[in-house]
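Report on the following structure.
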Amino acid sequence: MVRVSHAIGLLPCTLALSSNAAPSAKRVAIIGAGAGGSSAAHHLAQYAASSSTPTDITVFERNSYVGGRTTTVDAWSDPAVPIELGGSIFVSVNHILVNATRDFNLSVASQEDSLATRLELPDLGIWDGTQFVLVTREEDGWWDKAKLLWRYGLAPLKTNRLMKSAVGRFLNMYEEPVFPWKNLGETLEAQGLLDITGVTGEQYLKANGISDAFAREVIQASTRVNYASNLAYIHGLETMVCMATNGAMQIDGGNWRIFASMLKSSPAITTHLNTHVSLVSKQADGTYRLSINDTTSTFDEVILAAPLQFTNLTIDPAPKHTPDAIPYVKLHVTLFASPFRLDPAAFKLAPGEAVPQYVLTTLPPSETPRDGHPGSPDFYSVSMHYTSLNQHASPPRQEFIYKVFSVKPITAEILTFLLGHSVSKADAEGENPNGTVSWVHRKIWYSYPREYPRVTFEETQLDGEGGALWYTSGIESFISTMETSALSGKNVARLIANKWISKRRGGAKHQHTEYQGSSGKQVPLLPPPESDSDAPQLEVDGEGMTLDHLGPMVVNKDGSLSRIANWETMSDKEKKNTLRDLGKRNQLRLSELKGEQSEL
């Protein structure tokens, strides 16, 4: 289809130059349909619609599915049995994912009558290669919790407070005035988070008085299952993120449905699967020409929503800021089905004793942690996720479906050890529907960066201030989750929308400024008011006023009134928070103006 903008040159000059002609649509390319790319497309379409900016958003995904590392596979090739292969859960503080679940009316997998309860299993066990150092049951009562406090003292309570403090600082990044941010490193410094990302989890916990036993046995088990890292090799904030588990949930049919819904949320979004972008070439007019399979297309903005090092993408000329290649975890994920439960002998339990549904691992006190190595347990976790009917067996039989995280392939010998029943090589490849193992799926993920301590992060605008080449994956070295990737995509979308509004209004820049009152109190930060020499003067003793169709009125330092320039691009929630902060700031400025008047 020929774009209207390409045909303008063929029209009579009087028509082409008509002031009544509709503005041409902004052409946006997004490379990657994972959490970051899907979120960027969805939120940019929303922001553009709210500011009446015509937009064509094209998402290119080289795989045959959307969702990136949140994807499912079907056990026994049965669509009725989808199993999460990547990101399995999100939690209640993941505002973007939770809100999307509500807005798109997606069903959350039921938490009632859990598998552990139905099978009368402990729900969680932490195995150090020699023993279970901790076992919990869903029905644990006050006495069991008291025993936990006796073992670890106040460490669980102190860790929870520490986690809430760190996560609370991070959540500021969702709201004005911190959101949207242009420079991630500067934003983290302003929020006091570099002090946490700049040290290891081991150092951070020790500095905050968390006992070695609780850190090693419980917290390290969480960093290993979530990031395949021991505490000495993961930064402090990611360590705290691993402990933010309240309200864990997942979407029926797979979490990828969130991102698929985002991509279907607006007619302005077009998604192309099985499509590889090999070249991004900046043109003299500031646009970008993309080589896509065997064709080329030109765009006004380009969002790279995947780690550059895995895209096989050439950027010509090289941008001002080229993201560094950083080490990623090479994680083996093995899904398998079997009619047998895990063998208690594999975990040194008595015959007939139940193995917990979720087995996480840590290291014994005598073992020195190694980078990228699970140590003596030989894997990071093994868990029973579902039971389902294997209809390919003769006769059909009920089976358990397991997931193993490891750094090496799970062989027939390892499966034999875990199940206590002989597993042949054919079984280990899922070639025998009647075997000890009837179905196997193996996947090697470069799942997340090695979250080493760091205080510098990649730029959001790869072509520098004013450029139109954007990058969402820099956030992964800070926190690597579905939610943070979605937040980064939303952040880029907001920056682009603000840029368009700024250009449309003649180049006014919407920078956040800070005002320090004479009282020494810091006034809440807000976008600066739009400059207007004809702005009416405020009577200091008068009443405040709001023009709803223009947004709220702002009291300027000189007593004049103006309005917030980017009001129309804000979401309802952002408007609500801005009104709250604006009221406080206006009151402080009014008080200071009254004080100055009384001194005259």
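No lab work stands behind these numbers, since they all come straight from the coordinates. All figures in this text were calculated on a predicted structure; none of them were measured in a lab. Counting neighbours? That spans all protein chains shown, and the Cβs are built from the backbone with ideal geometry, glycine included.
Some observations on this one:
- The stretch 304-381: trypsin sites (Lys or Arg not before Pro) in DSSP coil with no more than 11 other Cβ atoms inside 10 Å: none
- Cα gyration tensor shape of the stretch 262-338, rounded if a/c is under 1.5, else prolate or oblate by comparing a/b with b/c: oblate
- Packing, as the average of other Cβ atoms within 10 Å across residues, places the peptides 45-57, 266-278 in the order 45-57, 266-278, highest first.
- Where labels lie 7 Å past Cα in the beta-carbon direction, separation of ARG137 and TRP150 in nm: 1.7 nm
- Summed side-chain charge close to ALA35 - residues other than ALA35 whose Cβ falls under 15 Å, Lys, Arg +1, Asp, Glu -1: -1
- Shape class for the stretch 157-212: oblate, because the ratio a/c of the largest to smallest gyration tensor axis (alpha-carbon atoms, square roots of eigenvalues) is 1.5 or more and b/c is at least a/b.
- Taking a sphere under 12 Å around the Cβ of ASN183 and counting the other residues whose Cβ falls inside, with K and R at +1 and D and E at -1, yields a net charge of -4.
- With 30 Å as the limit on Cα-Cα distance, the pairs of LYS158/LYS443; LYS330/LYS425; LYS282/LYS503; LYS182/LYS408; LYS348/LYS425; LYS330/LYS499 that go past it are LYS158/LYS443; LYS182/LYS408; LYS330/LYS499.
- Derived scalar couplings ³J(HN,Hα) [the stretch 174-182; Karplus, 6.51 cos²θ - 1.76 cosθ + 1.60; whole Hz; x for Gly, Pro]: 8, 10, 4, x, 6, 8, x, 10, 9
- Cβ-Cβ FRET estimate between LYS503 and ALA248, R0 fixed at 51 Å, reported to 0.05: 0.75
- Taking Lys and Arg as +1 and Asp and Glu as -1, the other residues whose beta-carbon sits under 11 Å from that of ALA306 total 0.
- Between ASN208 and SER394, the simple spin-label model (points 7 angstrom out along Cα→Cβ) gives 5.9 nm.
- Relative contact order (%) - the stretch 430-510, alpha-carbon pairs under 8 angstrom, separation at least six: 18 percent
- Gyration tensor (alpha-carbon) shape descriptor, the stretch 27-184, a/c threshold 1.5: oblate
- Positive-end residue, the stretch 377-518 charge dipole about Cα centroid, Cβ charges, pick of ASN491, GLY466, SER447: GLY466
- R0 of 41 Å, Cβ-Cβ distance THR387-GLU413: FRET efficiency to nearest 0.05: 0.95
- Extension gain for the segment SER52 to LYS320, taken as residue separation times 0.36 nm less the Cα-Cα distance, is 93.3 nm to one decimal.
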